[in-house]
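Working notes, beginning with the structure itself.
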Amino acid sequence: MGIENVDKNGGVIQYIKIIEALRSDDKIIVYRGETSDHGDTACQPNIFRDGYIDNDEKIEKSILDEMTANHLVEGDSYLEKAINAQHGGFPSRLLDVSYNSLVALFFATTPFYNKEITSSDDKDGYVYVFSLNEMFCPVGNGIQENYKALISDKYKWFSKTTLFNRSFKLIDHIKTNPRIIAQQGAFILF
C-alpha cells in the first residue's frame, strides 16, 4: 500500500500520524521511499526494472562469482554477498526497505547519490508500505538455498511461473553491514 495525498503543509507531523494509523500487532511493516513515480516498475528490484535479467537469466550469479573472485564482496553465501553488494548498485532481485518510516521518507525526498541534491525538489516523492507475515534470516539455510537456486536458474519452472514471481520474502538485515544497520534496513527478495 502507498501513502497518498499527504498535505505538503502538514509535513512530517501528518506523515507520522498516517504511519501510526497503519501499525499492526500481527504484521511486520516495512517502508520504501522512491524519489519519483516509476509507474509499472515502482517497488521493483533493479534487475527487473532495468531489464538485466531479460538479457541473461544467470546475471546475478555471474556477477557475484566475478566479484568473489576479485575479492570485491564479502559473505559466506550468494545471498549474503548480494546483500553486501546491493548498495553499490549490484543488479539483484533484492529490494531495499526499512523498518523506519522516516528513513523511507528521506529516500523519497533525496535523490540517488550520483544526482544533484536538489534534482528532486520539484517532484513528489513516494513512500510505499509493505505489510508482511514473516521475515527470514539471511543466514538461514532454506533462504540461502532458495536464493542460490533462483540465481543459478536451477529450476527453470520456478522462476518462470507467475505464482512464484509474485511470492516475495522479507529478509532481515545483516548486522555486519554498517550502512544497512544505519538505515534500519531489510530486503524483500523477489
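Apart from one condition, residue 89 fits all of (1) farther than 14 Å from residue 172 by Cβ; (2) small (Gly, Ala, Ser); (3) free of Cβ contacts under 8 Å to residues at least 40 places away in the same chain; the exception is (3). Counting the residues of the stretch 58-101 that are of a type outside the set (S, T, N, Q), out of contact with any strand residue (DSSP E or B) (no Cβ under 9 Å at 6 or more places or on another chain) and at negative phi gives 21.
Kindly establish whether residue 174 is modelled with pLDDT under 90, within 14 Å of the chain's Cα centre (by Cα) and either of a type in the set (A, V, I, L, M, F, W, C) or within 23 Å of residue 18 (Cα to Cα) (or both). Yes, satisfied. Identification of helices (runs of 4 or more DSSP H) wholly contained in the stretch 39-154 with 1 or more residues that are surrounded by 15 or more Cβ atoms within 10 Å (Cβ to Cβ) and under 14 Å from the mean Cα position of the chain (by Cα) yields 46-49, 78-85, 101-109.
The values are calculated or read from the model by the stated rules, or taken from the named source; none is laboratory data. Source: prediction; values computed, not measured. All Cβ positions, even for glycine, are placed from backbone atoms using ideal geometry, and neighbour counts span all protein chains on display.
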